[in-house]
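Down below is the structure, laid out as structure tokens.
The values are calculated or read from the model by the stated rules, or taken from the named source; none is laboratory data. Not measured: the values here are computed from a predicted model. Note: ideal-geometry Cβ built from the backbone for every residue, glycine included; neighbour counts use all protein chains shown.
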Amino acid sequence: MNRITLLSSLVSFLIAFFISYNLNAASGAPCGHYLSEGGLTEGQCDSAEVDPTDIDSLQRGAQIYMNYCLGCHSLKFARYKRVSEDLEIPLDMFQENLIFGDQKLGDLISIGMDSKESKVWFGNKPPDLTLEAGLRGPDWIYTYLKSFYMDDSRPLGVNNKVYENVGMPNVLIEMQGEQFSVCKQIPQIASNGGIKQDPLTGEQLTIERCGFLEVREGTGTQAAEEFDQSMKDLTNFLAYMTDPMKKERETLGVYVLLYLLIFTILSYLLYIEFKKDLH
């Protein structure tokens, strides 16, 4: 019986540990035809570096979402008041600056767009984004937001390297500017992983590769670094929306694991004492 108790405690501890690990593991979909800065890897997402404890970032992300995204994408599993409290934004300030129309603080974050009309305009109804970060992963969302480029062959004039032939317009073009898909010279990689060199001159050998993204200077209101930070803030906000209790859950998880560890040790010591009595 004591062995069963001991084994049960160990199993419980291990299960709790791996569940906690998996909930916090970075996961998400691959990033389509997106090319990293060096151009050596296709489909690898950039890191969003989400931080649920960064309140300033979450506040900036909420501001961007309410102003640029909420026209089409609802957050119907969340309420304005909960967001205001979690992000430490005074209720009156939130009501005045981040709630549009006649909606109240206690309302769910919904949109007024008609679903039938949206299908006509975009080919499909824009999805609710409350749980999108859990589905796609924060890195995917961050990379997707940065990867729109001008494409005259598309109905809305833009395409996306992460989500090819997307039906969404680039609502962030005002901030980012006009971005184009261009070709660049990149180093040739040898079979051993090194960079190929000319045997006579010693210079690096290059090859042309297309698909890089380049913003036309002076077409956006934000510099490249500023826009990247804005997209990290927006992604951080969407990650918070998916798991608003993450900070509390992680804190509670630590206490649960400590309890299970202590309980396992005490169970083992108790088992040793019982074993002595049996012999």
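Kindly evaluate T53 against the criterion of being modelled with pLDDT under 90, assigned by TED's automatic domain parsing to the domain that holds I109 and of a type outside the set (D, E).
Judged against the criteria, T53 is not a match.
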Practice prompt. Working only within segment 241-279, note down all residues that are closer than 30 Å to Q59 by Cα and of a type outside the set (K, R).
Written response: M241, T242, D243, P244, M245, E248, E250, T251, L252, G253, V254, Y255
Fill in: Unmet requirement for G177, which otherwise passes all of (1) among the small types (G, A, S); (2) farther than 20 Å from T235 by Cα; (3) touching a strand residue (DSSP E or B) at 6+ places or on another chain (Cβ under 8 Å)
(2)
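So that you can scan it fast, the table gives a plain yes or no per residue for (1) free of Cβ contacts under 8 Å to residues at least 60 places away in the same chain; (2) in a loop (DSSP other than H, G, I, E, B); (3) under 22 Å from the mean Cα position of the chain (by Cα):
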| residue | (1), (2), (3) |
| --- | --- |
| Y149 | no, no, yes |
| S153 | yes, yes, no |
| L156 | yes, yes, no |
| Y163 | no, yes, yes |
| V182 | yes, no, no |
| I186 | no, no, no |
| G193 | yes, yes, no |
Worksheet item: List, please: which pairs have Cβ atoms under 7 Å, are six or more places apart or on different chains, and start with a residue in segment 115-140 that is without any contact (Cβ under 8 Å) to a residue 24 or more places away in the chain and end with one that is not charged (D, E, K, R)?
Response: K125/S115; K125/S118
Worksheet item: When you scan segment 229-248, how many residues do you find that are surrounded by fewer than 16 Cβ atoms within 10 Å (Cβ to Cβ) and assigned to a helix (DSSP H, G or I)?
Response: 3
Practice prompt. Scan segment 186-205 for residues that are surrounded by 11 or more Cβ atoms within 10 Å (Cβ to Cβ) and among the polar types (S, T, N, Q) and jot them down.
Written response: Q188, Q197, Q204
Worksheet item: Do we find that G211 is in contact (Cβ under 8 Å) with a residue 40 or more places away in the chain and part of a strand (DSSP E or B) in this structure?
Response: yes
Worksheet item: Taking segment 43-82 as the region of interest, how many residues are assigned to a loop (DSSP other than H, G, I, E, B) and more than 22 Å from C31 (Cα to Cα)?
Response: 7
Worksheet entry | Search result, residues across segment 219-237 that are more than 17 Å from N170 (Cβ to Cβ), touching a residue at least 12 places away in the same chain (Cβ under 8 Å) and not acidic (D, E) | K232, N236, F237
Worksheet, complete the sentence: Result of the Cβ filter at 7 Å on segment 72-88, keeping first residues that are farther than 17 Å from K104 by Cα and in the same structural domain as P127 (by TED's automatic domain parsing) and partners that are in a loop (DSSP other than H, G, I, E, B) and among the aliphatic types (A, V, I, L, M), at least 6 apart or interchain, is C72/I111; C72/M113; H73/L129
Worksheet item: Which condition number in (1) touching a strand residue (DSSP E or B) at 6+ places or on another chain (Cβ under 7 Å); (2) of a type in the set (S, T, Y); (3) assigned to a helix (DSSP H, G or I) is the one that S118 fails?
Response: (1)
Worksheet item: Is it the case that L266 is more than 18 Å from the chain's Cα centre (by Cα), surrounded by fewer than 17 Cβ atoms within 10 Å (Cβ to Cβ) and in a helix (DSSP H, G or I)?
Response: yes
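Going through E174, E208, E214 one at a time, which residue ends up being closer than 30 Å to K119 by Cα and either among the hydroxyl-bearing types (S, T, Y) or surrounded by fewer than 16 Cβ atoms within 10 Å (Cβ to Cβ) (or both)? Quick ask: steps written out before the conclusion?
Numbers: E208 fails: closer than 30 Å to K119 by Cα; E214 fails: closer than 30 Å to K119 by Cα.
From the options E174, E208, E214, the qualifying one is E174.
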Worksheet, complete the sentence: Given the conditions (1) under 30 Å from E225 (Cβ atoms); (2) exposed (fewer than 15 other Cβ atoms within 10 Å of the Cβ), every one holds for G134 apart from (2)
